[in-house]
Amino acid sequence: MEHAIAAVELERAADWRIKKLGENPDDAESAAAVFLLQRLADEVRQARSSSAYIEYVAILNWLGEFDGMDDYAERAHAYRMRIGVDRFPESADAYLNALIALAKETAGI
C-alpha cells in the first residue's frame, strides 16, 4: 500500500498548510499549496499503473532492505514541505519521479 502512504503524506502536508492558513488567512502561499497538495494526493491514489508508481514502489522496497529509509523519509518530508513554495510538481508522476530521485540520491545511485 505504498501509494496510500504517499497520498497520506501529501494530505498531512496539506493539513499542516491548512493550520498555517488558519493562523494567517492572508497566507496565499499556503492556500495555493493546500490545493496542489490535495490534488497530488488524489492523483497518487489513482497512479497504481503508472511507470513512476511502479518504480517508486520498487525503490522504496529496495531502500527498506538497507539503512537508507530514515534518511530518505527526512528528505521526502522536506520536499513535501516545499510544495507550493518552490516545488511545484505538475502531476502524480512528476511528484513520484521527484521522490524517486531523492531515493536514488539517498542510496548513492
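Values in this text are rule-based calculations from the coordinates and carry no lab data. As the structure is a prediction and not an experimental result, all values here were calculated from the model. So basically every Cβ, Gly included, is an ideal-geometry build from the backbone, and we count neighbours across all protein chains shown.
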Could you tell me whether any residue of region 76-84 is within 16 Å of residue 97 (Cβ to Cβ), without any contact (Cβ under 8 Å) to a residue 12 or more places away in the chain and within 13 Å of the chain's Cα centre (by Cα)? yes
Among residues of region 36-57 being free of Cβ contacts under 8 Å to residues at least 40 places away in the same chain and within 23 Å of residue 16 (Cβ to Cβ), the residue surrounded by the most Cβ atoms within 10 Å (Cβ to Cβ) is 41
State all residues of region 55-109 that are more than 20 Å from residue 15 (Cβ to Cβ), of a type in the set (Ser, Thr, Tyr) and not in a loop (DSSP other than H, G, I, E, B); if no residue qualifies, say none. 56, 72, 106
